[in-house]
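Please read the structure below before turning to the comments.
The values are calculated or read from the model by the stated rules, or taken from the named source; none is laboratory data. What you are looking at is a predicted structure, and each value in this text was computed from that prediction instead of being measured. Note: ideal-geometry Cβ built from the backbone for every residue, glycine included; neighbour counts use all protein chains shown.
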Amino acid sequence: MRVNHCGRWPITQDLAGLRRHIHHHAQRVGLTGQRLDDLLIAANEAAINVLEHGGGSGVLALWHDEAALTIDVTDTAGRLTGDDVRRELPGSDSPAPRGFGLWLMGRLCDEFAIHQEGGRSRVRLRMRLNPLER
Amino acid sequence: MRVNHCGRWPITQDLAGLRRHIHHHAQRVGLTGQRLDDLLIAANEAAINVLEHGGGSGVLALWHDEAALTIDVTDTAGRLTGDDVRRELPGSDSPAPRGFGLWLMGRLCDEFAIHQEGGRSRVRLRMRLNPLER
Amino acid sequence: MTAVVQLAAHPDDSLPEVAIVSFTGELDYTNAEQLRQDVLGVLTPEHRHLIVDLSELPFCDSTGLRILLALRSLIDDRGGTVALSGLQPRLNRIFKVTGLFQFFAVQPTVADAVELLRPQLPA
Amino acid sequence: MTAVVQLAAHPDDSLPEVAIVSFTGELDYTNAEQLRQDVLGVLTPEHRHLIVDLSELPFCDSTGLRILLALRSLIDDRGGTVALSGLQPRLNRIFKVTGLFQFFAVQPTVADAVELLRPQLPA
Ligand SMILES: Nc1ncnc2c1ncn2[C@@H]1O[C@H](COP(=O)(O)OP(=O)(O)O)[C@@H](O)[C@H]1O
Ligand SMILES: Nc1ncnc2c1ncn2[C@@H]1O[C@H](COP(=O)(O)OP(=O)(O)O)[C@@H](O)[C@H]1O
């Protein structure tokens, strides 16, 4: 399957700009409505985690093939591991002010995987590109 | 928060009967539409895994409090571990005939957790009971 | 056991290359293998295409998906198409979330599925 | 940085116990702390209730939710209610999926939120 690299952007304080890029490319390959919103929310959570916990700098790459759109968010702390994809419900008793980010990535995306290597951690978020949704 | 135990049923070949129980109780506490369907699909996947891979016998328990409805599916093989909640996309290249069950549980439920203890594995599936959805 | 899924064949003499069947019941781990054998029992070597009417199938689990994928692979080897019609909301949901829509021709009704296949059929 | 979220206060002299504010922009990690301080700056000890109009807020991340929860906790200590109005689809989605709806009074418009609070206000 042909892979199409749409872009790589550094993660900076200009999160609004980053979201514009994601929105543009995701829409172009046919993601719309709630699934586009879900990807945007999840990718933003991955990006702010880089700023807050992940060493402060990193890169967001967006690519797709016919089956899926993929966003890879790589940080420079490398502390997130595969185990961090665990999915327990935050804040079902009292309103938990923390812990929504990773949970949202798992809840809103078709794939949520973390890969740790060479002092970096990479969060992978994926949405299927379902022909019927286009 | 008050916990309400709705029922415990052995997992047998009568999956249709088991689904009727789940449907009945989930609907009673306010789960409807797609979220009810999602829970039903996920709980059935957990139950068939008990029959196919999990020692052939087990129990499905359903309970709720004000915040969430919980289904616990416990098998007698005890081979599933916390790591099995990993969430990679099956069948995005060619149609994968296997590996949809665990993936669906994670994709369709608000919480998906596996707990291994004393020769048993327990799959926990949870849906929030959002007052606005009732 | 969950009740057996009833298979009905609806042959159309004007379309000898197309097997048209309907599934009635709830398709799951306990009855999927039986249904697979029943479908293989009605398929003949002439059938290059398969239309499955699912309008009376309110439930299908991952084992059921596996059966449909196996039928698709068989028909694929014959150069044909598997069309599904009448998906209820729960089936629509599981097909959509698993991405399996891309491997089947999904149509509202059997009649739509026949129209879809017609250009591929000998005149 | 993402542009600052603009805070506007809309005091209603007939409702001295209710702070009514609106947020305009995109609320995220980079501007949430500023907004929190801005809101605290307009809240006075008389304000027992808070209405936040979100109709011009197309985006809010988990940091933004945290700010709203902090405001809710402050108002909660005063025995009051935080009402949110005008949620756009993306905010509706994140509130629904996180279950936070249960901690706020969510209303279509500011006027609806005022009506909701009225029974709790001194005559
Ligand atoms: N990129 C990262 N690098 C290191 N630790 C991280 C990273 N992302 C998240 N974490 C850790 O995981 C925890 C949970 O993250 P998250 O679910 O996004 O919620 P929150 O950021 O509100 O704490 C964080 O508090 C942090 O300890
Ligand atoms: N209850 C269980 N006990 C032991 N192994 C299990 C259990 N459930 C699932 N597995 C293992 O995980 C694999 C993936 O399961 P699943 O995603 O449901 O797909 P499938 O059943 O189609 O293989 C199974 O093939 C099996 O090896």
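Structural remarks
- Of residues in region B:62-94 being within 13 Å of B:ALA42 (Cβ to Cβ) and at pLDDT 95 or above, the one farthest from the other protein chains (Cβ to nearest Cβ): B:LEU62
- Identity of the residue in region D:1-24, within 24 Å of A:VAL50 (Cα to Cα) and more than 14 Å from the chain's Cα centre (by Cα), that ends up surrounded by the most Cβ atoms within 10 Å (Cβ to Cβ): D:THR2
- Failed criterion for A:PRO97 (all others in (1) near ligand 1 (Cβ under 9 Å from one of its atoms); (2) at pLDDT below 95; (3) within 12 Å of chain B (Cβ to nearest Cβ) hold): (3)
- Look at region D:58-80: where a residue is within 7 Å of chain A (Cβ to nearest Cβ) and a partner is at pLDDT below 95 and surrounded by fewer than 16 Cβ atoms within 10 Å (Cβ to Cβ), sitting 6+ places away or on another chain with Cβ atoms under 9 Å, you get D:SER62/A:ARG98; D:SER62/A:GLY99; D:ARG66/A:ARG98.
- Among the residues of region B:109-123, those that are assigned to a loop (DSSP other than H, G, I, E, B) and touching a strand residue (DSSP E or B) at 6+ places or on another chain (Cβ under 6 Å) comprise B:CYS109, B:ASP110.
- Of the residues in region D:39-57, none is within 13 Å of chain A (Cβ to nearest Cβ), crowded, with 20+ Cβ neighbours inside 10 Å and on the phi > 0 side of the Ramachandran plot.
- Checking each residue in region B:38-80 for being over 24 Å from C:THR30 (Cα atoms) and under 15 Å from the mean Cα position of the chain (by Cα) picks out B:TRP63, B:HIS64, B:ALA68, B:LEU69, B:THR70.
- Lone qualifier among B:GLY54, B:GLY106 - being part of a helix (DSSP H, G or I), more than 10 Å from chain C (Cβ to nearest Cβ) and crowded, with 21+ Cβ neighbours inside 10 Å: B:GLY106
- Number of residues in region C:96-123 that are hydrophobic (A, V, I, L, M, F, W, C) and in contact (Cβ under 8 Å) with a residue 24 or more places away in the chain: the value is 10.
- Contacts under 6 angstrom Cβ, first residue in region A:67-82 being touching a residue at least 60 places away in the same chain (Cβ under 8 Å), partner part of a strand (DSSP E or B) and more than 9 Å from ligand 1 (Cβ to nearest atom), 6 or more apart: A:ALA68/A:ARG126; A:ALA68/A:ARG128; A:LEU69/A:MET127; A:VAL73/A:LEU60
- For the residues C:LEU100, C:LEU65, the requirement of being modelled with pLDDT under 95, of a type outside the set (D, E, K, R) and at negative phi singles out C:LEU100.
- A:ALA26 of a type in the set (Gly, Ala, Ser), within 13 Å of D:ARG90 (Cβ to Cβ) and within 14 Å of the chain's Cα centre (by Cα): no
- Within region C:1-17, the set of residues being hydrophobic (A, V, I, L, M, F, W, C), more than 12 Å from every other protein chain (Cβ to nearest Cβ) and assigned to a loop (DSSP other than H, G, I, E, B) comprises C:LEU15 only.
- Flag if A:ALA26 is more than 14 Å from chain B (Cβ to nearest Cβ), crowded, with 23+ Cβ neighbours inside 10 Å and in a helix (DSSP H, G or I): yes
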